[in-house]
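Read through the structure below, which is laid out as structure tokens, and then see the notes.
The values are calculated or read from the model by the stated rules, or taken from the named source; none is laboratory data. Model, not experiment: these values are computed from the prediction. When we count neighbours, we look across all protein chains shown, and the Cβ atoms used for this are built from the backbone with ideal geometry, even at glycine. Heads up: the accessible areas ignore ligands, DNA and RNA and are worked out on the full protein's heavy atoms, side chains in. Shrake-Rupley method; radii C 1.70, N 1.55, O 1.52, S 1.80 Å.
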Amino acid sequence: MNPPATLRESAVLIPVFRNAAGEITLVLVRRGNHGVHGGQLAFPGGKRDPADASLLATALRETEEEIGLPAAAIEVLAALPPVQTRTSGFHIAPFLARIVPPPTWRFSQPEIAEVLEVPLRHLADPANAGQELWEFPDHPTPELISFWRVGQHYLWGASYRMLLPLLSRLLAGEWEL
């Protein structure tokens, strides 16, 4: 499916693995403070380069650039339905992947401020979910935003919309992790 001409093509990897305790764990990045998504929690990924053979190639390249995870440590499990950002103009192709995490994350600063490993049980806990009215500079009225709290941060927007239908499927064991 081709994105509308006004949207920029991009791709992300939704990396999951079992931690030492056997829990399914999600890898997120917190973007550096610059750029349109500065400071936000997200999945590793970014804009498609002309040299990328596919959107999967974009997701793999960006993941290695941003968090140092090579393609050899990634097994793509599924291409998921694309998501569009509502304000920043991206058409995002997400790819679910089982990964072998490194002993220590090497991430590209200042683009990436930190890498977080979040057990899915944290996101499945209703105490960590919420909705609030948020004001945005480009919107005349506040908008009701759904999110998960991850530490002092919020996982919301396109990343939230990608993960929401996936969470129960991951917890139900649809993919071997």
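Descriptive notes on the structure:
- Protein heavy-atom accessible surface, 1.4 Å probe, per residue over the chain: 53 Å².
- Fraction of accessible area attributable to carbon and sulfur, the chain (%, probe 1.4 Å): 53
- GNM result for the chain, Cα springs below 10 Å: residue of E66, E132, E111 fluctuating most strongly: E132
- With both residues required to sit in the chain, DSSP beta bridges show an antiparallel share near 80%.
- Unit charges at the beta carbon, dipole of region 1-117: most positive-side option, V12, A72, G22: V12
- Electrostatic dipole magnitude of the chain [Cβ: Lys, Arg +1; Asp, Glu -1; Cα centre; debye, to 20]: 120
- Sequence of H153, H139, H34 when ordered by accessible area, the most exposed leading, probe 1.4 angstrom: H34, H139, H153
- Amide H contacts under 5 Å for L77, placed H, 5+ residues apart: L96, A97, R98
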